[in-house]
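As structure tokens, the structure follows; a few thoughts come after it.
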Amino acid sequence: MSSRFLEHARACALALLACCGRVESRDLVVCADPDNLPFSRQDGSGFENQIAALVAQDMGARLVYRWQPLRRGVVRKTLGARLCDVLMGVPADPAGTATSIPYYRSTYVFVTRTDWGAPVSSFDDMRIRASRIGVPLIGTDNAAVPPASALARRGIVENVEGFPVYGALPVAQRIIDALANGQVDIAVAWGPAAAYYARRASVRIDVAPAPDETLSRESFAIAIAVRDDASDLRDAINNALRRERSRIDAVLTEYDIPLLPLGRAPSSLR
Amino acid sequence: MTTTGANRPTARTISRAALCLIIVVGLAALAQGATNTPSSNVGDWPMAARDYANTRFSPLGDISPTNVATLKLAYTFSTGVVRGHEAAPIVVGGTMFIVTPYPNVVYALDLSQPGAPLRWRFEPKPEAFAQGVACCDVVNRGLAYADGKVFLNTLDNQTIALDASNGKELWRYRSGDIRAGETRTMAPLVVKGRVLIGNSGGEYGVRGWLTALDASSGKELWRAYSTGPDRDVLIGADYKPFYAKDRGTNLGVSTWPSDAWKIGGGTVWGWISYDADLDLVYYGTSNPGPWNAEQRPGDNKFTSGLFARDASTGRARWFYQLSPHDEFDYDAVNESVLVELVFDGKPRKVLVHPDRNGYVYVMDRSTGEVLSATPFVSVNTSTGVDLETGSLHYASAKLQRTGIVVRDICPASPGGKDWQPSAYSPRTQLLYIPHQNLCQDQEATQTSYIVGTPYVGSIVKIKPGPGGQRGLVTAWDPASAKSRWVIEEDLPVWSGTLVTAGDVVFYGTMDGWFKAVDAKDGHFLWQFKTGSGIVGQPISYRGPDGKQYIAVLSGVGGWAGAVVSGDLDTRDGSAAGGMANVMGDLKQRTTKGGMLYVFALP
């Protein structure tokens, strides 16, 4: 069969679907942070904006945004308050929501200046103990980002500098700035954001995945959240994600997202 | 009046007039000393706690156990705001001033007119962004009055002085950054022409402080940080803590790993009291943050403790850390009530402090010595306080380890008692503690937080404590360190208490009942159902008509009431810091609404 025939078949199928109302013309209402590069931004320049556009286009839906900063209670204020239908870029299966199939898996990464030395790729790298290391800090009691826990388990706390998640600039940007100006030698940050700001830094920065630990993992599959009573919408999004796989991959590559193979996390990690 | 030779006052009458004046002024000064408030009128209620000692005791005794059953609604006033109304109304010179939760509108009501019509209103228009930052509803805990001015704190970190007579803005000063997680929910305290304010936001890596502003200009006079080097904490030669554990140089740095003190919490969002004789102010600092406890080894000074500071200079006199290296969110910001007690046959100037960690502390307020520390709720996170060393002994079974769920931690994070203030009657010598009976399951480390993506973690689940009742009002005898009587309530008692010279205690419930009980034995006397749950602070005042009134703001919310005021989905039990898990039924029992209720005898 020629590819041209396939295209015809697909167009016919789409027309059929359209005619019979299985996929009606509708809005896909997306909640997103208005200023959270590289994920989302009000001008559409985030990679999640572009993936949302692909999904909406594939579903034949009009993409509508509701801008809501990622602050405390964001799920409650968005999906919970029926402000929107979907929330992009969430880890799988959070409480009170249902998630689509994952569309990428990334990981926390080590970032270092290229002129500082060979990239760090293990929490047991002895240079970590002798260096200033920056980590993001969550603004919630008794919680820690996975790499900070991995460091604490090794008793590495004295030389760790915390960067609060909340602030005027994205935390990954502040961490990369601190790395560039020598305030810290090593930092750990969530891969997509670290890679994005590393590429824009004033100095060359190496980015290397942090390995999963037995007690905690550093890599996470990312999906789209819908309300847990919206299974039809979730199914439609899943179909769109499958069909748009290659275009989504192209967006992720364009934004230098550190990618790991999709698939389940090791079973020992729930 | 014209002056003629005939009735011109003689030297003798002048001196008599002067003498009278001296006596009157002297009496006024005495009265002020005795009541210890910025208003000389005993019928007034000029600050949230009424007096500098934070007693919330009304010297008015017209309403008594024998007649309180006839108490009737006198007037009401809708605030137009439906979030948690935690504030106390204040009353000075025939005017009542109330402040709403965000957007922090101030109303002045004319008490000399029937129905207390609006005299003026003031809208500070705080930044909307602040709503998304506040940890536990967008509350405000009250105004303060001094020298013809009303002082207002806004959620977006402004302090504003208003002309009490007309509501005109005199100055405003911003000290804090909402984008860095700082907010302001506390009531200011005005002492000797200084407005004392602190910050909220220990959950966000904010560095805590207490600041004094010039009441006439809003100029910042000093700032005392809760962490960092001694020069920032205003610690010098006159710092003399009672216990060795609180002595040392630059403890605000050395009890933290690396530079963690810079974002270490210790915010100041609770109550401040003031002893005019010692010229010291007392207040507590919040929990350390925002690290997981494993990542901040050390005592984390000067968090979760009490400071005594020189009221003029802010310099620290003593500090006592109630919960060193806190793992449970046990802020020490609750009220310190200043009273005189007889201990071992000797009268002592003490402070009584019911803490979140579950103990009532009785301390010598000159020295910072702990005279007694006794649990007033079920406590299993610690086994006691060593009065020799001042150390709290933690129970190892409840300490956190990464990835381990620790069950049945008592008290839960809101503590044996949260911000809701107690009242103390010098007549009964009892402290009336409004509080909760909650425990929690807690996972030390949320291991799937992904920075930059929506966070929907689930780590803390709060549940009813032993016995199942979620709320208690405890009449505590600080001299004998025993409870005299206890009232059990189904819901957490998130309102303040008021006690009067008529020996009546008032408090509200989260489903809207406003109740009066006998101060001596806790017997139920009267109740009235308000429109929404009560989390405010009841007060009493004498109106221009000479009658005693009781006033309270109704309007559910705050941490415990956020499931209603914030429309939380209680299927996520970790919402509102785990509170949603234990407050799910509140949505069936009350609804939002902000309303002032004022009562009087017929």
Just flag the trypsin sites (Lys or Arg not before Pro) in region B:152-191 sitting in loop per DSSP whose Cβ has no more than 14 other Cβ atoms within 10 Å.
B:K168
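What is the gain in length, in nm to one decimal, between B:K482 and B:D279 on full extension, counting 0.36 nm per residue of separation less the C-alpha to C-alpha distance?
Numbers: separation 203, 0.36 × 203 = 73.08 nm, distance 3.02 nm.
Gain on extension, B:K482 to B:D279, equals 70.1 nm.
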What net charge is computed for the residues neighbouring B:L387, neighbours being all others with C-beta under 14 Å from the C-beta of B:L387, Lys and Arg scored +1, Asp and Glu -1?
-4
Please give every one of the lysines within straight-line cross-link reach of B:K515, meaning a C-alpha to C-alpha distance under 16 Å, and leave out same-chain neighbours fewer than 8 residues apart.
B:K72, B:K529
Give me the distance in nm between label points sitting 7 Å out from Cα along the Cα-to-Cβ direction at B:S165 and B:L387, one decimal.
5.4
Taking H placed 1.01 Å from N in the peptide plane, check which residues at least 5 places from B:R348 or on another chain put their amide H under 5 Å from its amide H.
B:L341, B:V342, B:F343
Report ³J(HN,Hα) in whole Hz for each residue of region B:511-521, in order, from the Karplus equation J = 6.51 cos²θ - 1.76 cosθ + 1.60 where θ = phi - 60°; Gly and Pro get x.
9, x, 7, 9, 10, 10, 10, 6, 5, 7, 10
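Determine the shape class of region A:106-209: with a ≥ b ≥ c the square roots of the Cα gyration tensor eigenvalues, call it rounded for a/c under 1.5, and otherwise prolate if a/b is greater than b/c, oblate otherwise. Mind showing how you got there, number by number?
Values: a/c = 1.55, a/b = 1.09, b/c = 1.42.
Here region A:106-209 falls in the oblate category.
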Rounded tilt (10° steps) of B:11-35 against the dominant C-alpha axis of chain B
20
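What's the local net charge at B:A308, with K and R +1, D and E -1, over the other residues with C-beta under 14 Å away? Don't jump to the answer; show the numbers that get you there.
Numbers: positive: B:K240, B:R309, B:R315, B:R317, B:K349, B:R365; negative: B:D238, B:D246, B:D275, B:D277, B:D279, B:D310, B:D364, B:E369.
So the surrounding residues net to -2.
Quick one: work out the % antiparallel among DSSP beta bridges in region A:106-209, nearest 5. Walk me through the numbers on the way to the answer.
Details: 10 of 17 bridges.
Approximately 60 percent, going by the DSSP bridge assignments.
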Would you mind pulling out the separation of the Cα centroids of region A:37-70 and region B:276-332, in Å?
45
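Evaluate the charge dipole of region A:106-209 about its Cα centre and quote only its size in Debye, nearest 20, assuming +1 on the Cβ of each Lys and Arg and -1 on the Cβ of each Asp and Glu. All intermediate terms of the calculation are to be shown ahead of the outcome.
On the way: 10 positive and 9 negative charges, 33 e Å.
Dipole magnitude for region A:106-209 comes out near 160 debye.
In percent, what relative contact order does region B:42-600 have, based on Cα pairs under 8 Å that are 6 or more apart in sequence?
Working: 1727 pairs, mean separation 82.6, N = 559.
In percent, rounded to a whole number, it is 15.
Quick one: length gained pulling A:V203 to A:S231 fully straight, 0.36 nm per residue minus the C-alpha distance?
Gain in length upon complete extension: 5.4 nm.
Rounded, prolate or oblate: which fits region B:470-584 when a ≥ b ≥ c are the square roots of the eigenvalues of the alpha-carbon gyration tensor, with rounded for a/c under 1.5 and prolate only if a/b beats b/c? If you can, show how the numbers build up before the last one.
Values: a/c = 2.68, a/b = 1.48, b/c = 1.81.
Oblate, because a/c is 1.5 or more while a/b does not exceed b/c.
Checking the a/c ratio against 1.5 first, then a/b against b/c, what shape does the Cα gyration tensor give for region B:42-600?
Working: a/c = 1.28, a/b = 1.24, b/c = 1.03.
Judged from the Cα gyration tensor, region B:42-600 comes out rounded (a/c under 1.5).
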Between B:D545 and B:R315, what is the FRET efficiency for a Förster distance of 60 Å, r being their Cβ-Cβ separation, to the nearest 0.05?
0.85
Region B:511-575: relative contact order from alpha carbon pairs under 8 Å, six or more residues apart, as a whole percent, is 22
Here is the link list: B:K463/B:K592; B:K245/B:K398; B:K192/B:K219. Which ones come out longer than 18 Å on Cα distance?
B:K463/B:K592; B:K245/B:K398
Among all the aspartates and glutamates, which ones have a C-alpha under 18 Å from B:K587's C-alpha, if same-chain residues fewer than 8 places away are not counted?
B:D137, B:E489, B:D490, B:D511, B:D567, B:D569, B:D572
Non-local amide H neighbours of A:F110 (under 5 Å, H modeled in plane, Pro and chain starts lacking H): which ones?
A:A208, A:A210
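Given a cut-off of under 8 Å on Cα pairs at least six residues apart, what relative contact order in percent is computed for region B:449-602? Please report the intermediate quantities before stating the final value.
Values: 346 pairs, mean separation 30.1, N = 154.
Relative contact order comes out at 20 percent.
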Give the cross-link partners of B:K346 among the lysines, using a straight C-alpha distance below 20 Å as the criterion and excluding same-chain residues fewer than 8 apart.
B:K482
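Values in this text are rule-based calculations from the coordinates and carry no lab data. The model shown is predicted, which means the values in this text are computed figures rather than measured ones. Neighbour counts run over all protein chains shown; Cβ positions are idealised from the backbone, glycine included.
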